[in-house]
1. Summing Lys, Arg as +1 and Asp, Glu as -1, what charge do residues with Cβ under 14 Å from the Cβ of Lys47 carry, Lys47 excluded?
2. Please compute the net charge surrounding Lys97, taking Lys and Arg as +1 and Asp and Glu as -1 over other residues with Cβ under 11 Å from its Cβ.
3. List every residue whose amide H lies under 5 Å from the amide H of Leu58, counting only residues 5 or more places away in sequence or on a different chain, with H placed 1.01 Å from N in the peptide plane.
4. Leu121 versus Lys97, label points 7 Å from Cα toward the beta carbon: distance in nm?
5. How far, in nm, would the chain grow between Leu79 and Arg24 when pulled straight, counting 0.36 nm per residue and subtracting the alpha carbon separation?
6. Amide H to amide H, which residues 5 or more places from Ala14 or on other chains are under 5 Å from it, using H placed in the peptide plane?
Amino acid sequence: MRQVDFTYPNGTKALHGINLKIERGKTTALVGLSGAGKSTILNLLNKFYEPDSGEILLDGINLNEYENASLRSEIGLVLQKNHIFKGTIEDNIRYGKIEATHEEIIAAARKAYLHDQIMELPMQYQSDAQLLSGGSSSASL
Ligand SMILES: Nc1ncnc2c1ncn2[C@@H]1O[C@H](COP(=O)(O)OP(=O)(O)O)[C@@H](O)[C@H]1O
Ligand SMILES: [Mg+2]
């Protein structure tokens, strides 16, 4: 990120002149007080919003050049707020990759340690997703 400024649509100025280099193969943590702008940076990296000014490059190429779908297929995102929508557990997991097979969905649920809990439900993967408790609701494809 080079000299990134960002303002939310409601007028909140969230980022001012942010410079940040995240290096390949390293684990990088963003640490700071609540409201400092950590989640906002993640929103921009996912192209949920665009910077007002400055630029964001991935492998030297501006993020604008990447398709949202291909960019996001490389990103796993677990936010503080859970997003479970109405529908089956299978539909909710599939949301991360529409063309996923049932086997891939099971594999994702296993990775999130959800599979056993799902199998105990009467309708298993076809159960209403709202039945899952909040703390255990993050599976990523
Ligand atoms: N959706 C939003 N709309 C307007 N302002 C927001 C929104 N999300 C965050 N903000 C504001 O942007 C600033 C940075 O917030 P945020 O990125 O969530 O910080 P952090 O993740 O470091 O706690 C804060 O002032 C916050 O109130
Ligand atoms: Mg945050």
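Values in this text are rule-based calculations from the coordinates and carry no lab data. Only a predicted model underlies this, so the values are computations on that prediction, with no experimental measurement involved. Neighbour counts are summed over all protein chains in view; Cβ atoms, including those assigned to glycine, are modelled from backbone coordinates with ideal geometry.
1. Numbers: positive: Arg72; negative: Glu50, Glu55, Glu65, Glu67, Glu74.
Value of the local net charge: -4.
2. Result for the local shell: 0.
3. Leu63
4. 2.0 nm
5. Numbers: separation 55, 0.36 × 55 = 19.80 nm, distance 2.25 nm.
17.6 nm is the gain from fully extending Leu79 to Arg24.
6. For Ala14, the qualifying residues are Phe6, Thr7, Tyr8.
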